Amino acid sequence: MKLSKRLSRILDWIDCEVLADIGCDHGYLCAKAIQTGRAKKAYACDVADGPLKQAKRTCETENLQKLMIIRKQDGLQDLPQDVDMVVIAGMGGALIEQFLADWIKDPNFKDKTKVCFLLSAHKDVSHLRKFLSDHHFYIEKETVVKDGHYYPLLKVSYKPSLPIQNLLPEEIQFGFNLPDIQEVNDYLRHEQMKWLNILHSLPEDKQAEAKQIINLSLKLLDQRKELQSKSNA
């Protein structure tokens, strides 16, 4: 039972009593979280029967039937009350937004402020960050994992009693308080080159947006280079 690099990084960030993995696939993350003591109990959740069968097989193979619950569930609907950490990974940002928007309005889940979310969307991540900011979710930390593609990973909590977390344009586009690691610098350069390569093939009304993204990446890279120079001085 080997985790991918991305799931291994997510596992490193799990620290809870009760975990829910939404879109659990084979259930490896839940099993590993229990086995490594990062969660005492875990719900492997999915809306499709195929992944649930795989997760059930993992649960039985690892002899975790008393601690790992296989649960058919659509998004965050009817999330068990004892959950204090939720992983949503491998989905688009728009779908994650919908899950969170529905959960905010769910009157049945009583203590929403106790839940921490680990989110890793494979697209529309900047739009997801804007949604989080607008709806009183706070990004506590964020990083980038290269596992074939670059995957942002966000640790987020819901704080409706506090003012919204205002993010700068570069934070919305690329991430909040990103760590000083080579993987992040490579990600920023990758994004910069991606937009440079398609810039002139875009419709004229889209080129301004692309240029802004390129300039934001340059700004961040310059800031990170300056900070690195100061730390080495």
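The values are calculated or read from the model by the stated rules, or taken from the named source; none is laboratory data. None of the values given here were measured: they were computed from a predicted structure. Every residue, glycine among them, receives a Cβ derived from its backbone with ideal geometry; neighbour counts consider all protein chains shown.
Put simply, of Asp222, Asp186 the only residue that is farther than 17 Å from Val125 by Cα and either among the hydroxyl-bearing types (Ser, Thr, Tyr) or at pLDDT 90 or above (or both) is Asp186.
Checking each residue in region 206-218 for being exposed (fewer than 15 other Cβ atoms within 10 Å of the Cβ) and closer than 12 Å to Asn185 by Cα picks out only Leu218.
Assess whether Gln81 counts as being at negative phi, touching a helix residue (DSSP H, G or I) at 6+ places or on another chain (Cβ under 9 Å) and assigned to a loop (DSSP other than H, G, I, E, B). Here the answer is no, as Gln81 does not meet what is asked. Figure legend. Inter-residue proximity from region 99-117: first residues surrounded by 12 or more Cβ atoms within 10 Å (Cβ to Cβ), second residues of a type in the set (D, E, K, R) and in a helix (DSSP H, G or I), beta-carbon distance below 8 Å, spacing 6+ or different chains. Indicated pairs: Trp103/Lys112; Ile104/Lys112.
Here's a check for you: in region 82-140, which residue that is of a type in the set (S, T, N, Q) and modelled with pLDDT of 95 or more is nearest to Glu17 (Cα to Cα)? Break it down into steps so the answer makes sense when it comes.
Within region 82-140, the subset of a type in the set (S, T, N, Q) is 98, 108, 113, 120, 126, 133.
Those left that are additionally modelled with pLDDT of 95 or more: 98, 120, 126, 133.
Values: Gln98: 25, Ser120: 21, Ser126: 30, Ser133: 26 Å.
Result: Ser120.
Run down Gly75, Gly90 and say which single residue is part of a strand (DSSP E or B) and either at positive phi or touching a residue at least 60 places away in the same chain (Cβ under 8 Å) (or both).
On inspection, the qualifying residue turns out to be Gly90.
Can you tell me which residue is surrounded by the most Cβ atoms within 10 Å (Cβ to Cβ) among those in region 74-89 that are touching a strand residue (DSSP E or B) at 6+ places or on another chain (Cβ under 7 Å) and over 10 Å from Tyr43 (Cα atoms)? Full working, then the answer.
The first filter runs over region 74-89 and keeps only residues touching a strand residue (DSSP E or B) at 6+ places or on another chain (Cβ under 7 Å), leaving 75-76, 79-80, 82-89.
Now restrict to residues that are over 10 Å from Tyr43 (Cα atoms): 75-76, 82, 84-85, 87-89.
Details: Gly75: 20, Leu76: 24, Asp82: 12, Asp84: 16, Met85: 23, Val87: 28, Ile88: 23, Ala89: 21.
Here the answer is Val87.
Of all the residues that make up region 176-202, how many are among the charged types (D, E, K, R), exposed (fewer than 14 other Cβ atoms within 10 Å of the Cβ) and either without any contact (Cβ under 8 Å) to a residue 24 or more places away in the chain or part of a helix (DSSP H, G or I) (or both)?
Counting residues in region 176-202 that are among the charged types (D, E, K, R), exposed (fewer than 14 other Cβ atoms within 10 Å of the Cβ) and either without any contact (Cβ under 8 Å) to a residue 24 or more places away in the chain or part of a helix (DSSP H, G or I) (or both) gives 2.
Taken over region 57-69, the criterion of being acidic (Asp, Glu) and in a loop (DSSP other than H, G, I, E, B) is satisfied by Glu62 alone.
Conditions tested, residue by residue: (1) of a type outside the set (S, T, N, Q); (2) more than 25 Å from Asp102 (Cα to Cα).
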site	(1), (2)
Asp124	yes, no
Glu142	yes, no
Lys155	yes, no
Leu167	yes, no
Leu188	yes, yes
Ser201	no, yes
Lys225	yes, yes
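Kindly provide the set of residues from region 111-149 that are out of contact with any helix residue (DSSP H, G or I) (no Cβ under 8 Å at 6 or more places or on another chain) and β-branched (Val, Ile, Thr), ordered by number. Hits for region 111-149 are Thr113, Val115.
Selection within region 93-123: residues that are of a type in the set (Gly, Ala, Ser) and assigned to a helix (DSSP H, G or I). The member of this set that is nearest to the chain's Cα centre (by Cα) is Gly93.
If we keep just the residues of region 30-56 that are in a helix (DSSP H, G or I) and free of Cβ contacts under 8 Å to residues at least 12 places away in the same chain, which is surrounded by the fewest Cβ atoms within 10 Å (Cβ to Cβ)? I'd like the intermediate steps shown before the answer.
Pass one, region 30-56, residues in a helix (DSSP H, G or I): 30-35, 49-56.
Still in the running and free of Cβ contacts under 8 Å to residues at least 12 places away in the same chain: 50, 53.
Values: Gly50: 10, Lys53: 14.
Step by step, filter region 30-56, then rank; the result is Gly50.
Of all positions in region 143-159, none carries a residue that is out of contact with any Pro (no Cβ under 6 Å at 6 or more places or on another chain) and in a helix (DSSP H, G or I).
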